[in-house]
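The values are calculated or read from the model by the stated rules, or taken from the named source; none is laboratory data. Since the structure is predicted, the reported quantities are computational estimates derived from the model, not experimental observations. Note: ideal-geometry Cβ built from the backbone for every residue, glycine included; neighbour counts use all protein chains shown. These area figures cover heavy atoms from the full protein model, side chains too; ligands, DNA and RNA do not enter into them. Shrake-Rupley method; radii C 1.70, N 1.55, O 1.52, S 1.80 Å.
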Amino acid sequence: MADVVERRSIDVVPDSERYGTAFSQFTLWLSANLQITAVVTGALAVVFGADVFWGVIGLLIGNVLGGAVMALHSAQGPRLGLPQMISSRAQFGVRGAAVPLALVIVMYIGFFASGSVLAGQAVGELTHLGDTPGIILFALVTAVAAAVGYRVIHALGRVAGLVCAVAFVYLGARLLERADVSALLADRAFSLPVFLLAVSLSASWQLAFGPYVADYSRYLPRSTSARATFWWTLSGSALGSQWSMTFGALAAATAGPAFTGHEVSYVVGLGGAGAMASFLYFVIALGKLTINVLNTYGGFMSMVTGVSGFRGQRVLGPRARAAYIAGIMVAGTAVALIGKDSFLTSFKDFLLFLLTAFTPWSAINLVDYYLIARERYDLPALSDPNGRYGAWRWKALTVYAVGLAAQLPFLATHFYTGPLVEPLGGADVSWLVGLAVPALLYWLLARGDDTAPERTVLVPGQVTAARTAPRETA
């Protein structure tokens, strides 16, 4: 059991503990996306006005573009051996990284809650206990799996990926028996705003993985090809999400009002009754368990990263680990129970809000890692607020704030619509602005930093000129 329970948290994974191949990223991210919330995300494109033909194309574009950004983050894991958000300290400062981290933690709690709503319906039907006990039971199982850590997460991904793939093939076949696919695809009236909504929904789905994707590649050997890590991550995530979202778009177009508000029961009803229905409820819960464990584990990592920047903590004991995970579980479960009756509208706005928060962070992180630091960081300095990266790095924090503000005129949600949305025909292009503006601005401001790779160190314990030639700090 000691070999199964993870000992590492935010500390660097040494080479002696690295294992696995890049293919593990394919199985993990395929299973993370073959699940009911991705189905609902695809359905939202149709529920909010897209036809199936252009909706599916929009979802595909968003999955590929957002997935590529997310996979670039994944490629950092084997190189650095660190959780994703720790590397943000190189851009934002050891303590300044807590600013985007606060929004990351909100994201994890929100995704935990949305997953628990749908999985709770499945568990409630499977156990005949009802939705509320189902949500609570599912949350407890999720917390236990997250506490065990990295190995069980990947093992769960392999099992869930196979089981969910078989189930989705079967459900897809049953849906095609009901759907008049030729009629659905024949309706090709193009509307730019709803097309861009479909792109934004799937792009936000992918970009939201960015703050934790390297958490699940950091145990790969340092020699693992960055290209292999990128492509296996992108292919698993884009394939799984597009598969689920296409299914959701077809289901919503076929069922109409019978789907909205009854997503789990409708999907299970496609498969039949009796033992088959029980199996499908189990599959839905298993698929959600995979992604909710990722959300809980990622939330735990993010909370530790934020707190440790102020406390100077590098290693976490078992009791503290359990306390952080319990906090994520309690908060996510409470949100799930409060918001379970207004799920679809709230979830769409939540996804678009996340897109606004994380596109500037992704742009800054990727520009710094690939173009400024050239994939080399001073790892010991990432834990030292008095070191090379400082406590607060105002260049990145300012660019992040500008990136957030630049998106607001283009943002369209239920509770806020920017002034430039109507002139664009109602289209939401905020995520494109949120990537381009901070990427360009940060590159212009930071391109003089760390231009010589030999000035940085990669492995803890190495000593180079990095100690005497610090990056700009606040």
Original post:
Conditions: (1) open to solvent by less than 40 Å² (accessible area, probe 1.4 Å); (2) farther than 18 Å from residue 164 by Cα. Residue 260 meets all but one. Number of the miss?
Top reply: (1)
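Would you mind stating whether residue 91 is in contact (Cβ under 8 Å) with a residue 40 or more places away in the chain, polar (S, T, N, Q) and touching a Pro at 6+ places or on another chain (Cβ under 8 Å)? Even if it seems obvious, please write down each step before you answer.
Values: in contact (Cβ under 8 Å) with a residue 40 or more places away in the chain: yes; polar (S, T, N, Q): yes; touching a Pro at 6+ places or on another chain (Cβ under 8 Å): no.
Considered against the rule, which asks whether it is in contact (Cβ under 8 Å) with a residue 40 or more places away in the chain, polar (S, T, N, Q) and touching a Pro at 6+ places or on another chain (Cβ under 8 Å), residue 91 comes out as no.
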Original post:
Taking interchain pairs and intrachain pairs at least six residues apart, which have beta carbon atoms under 7 angstrom, with the first residue in segment 147-174 and under 17 Å from residue 301 (Cα atoms) and the second in a helix (DSSP H, G or I) and of a type in the set (S, T, N, Q)?
Top reply: 154/24
Original post:
Among the residues of segment 96-111, is any of a type outside the set (S, T, N, Q), open to solvent by 10 Å² or more (accessible area, probe 1.4 Å) and within 30 Å of residue 176 (Cα to Cα)?
Top reply: yes
Original post:
Within segment 210-239, how many residues are under 14 Å from residue 28 (Cα atoms) and open to solvent by less than 10 Å² (accessible area, probe 1.4 Å)?
Top reply: 12
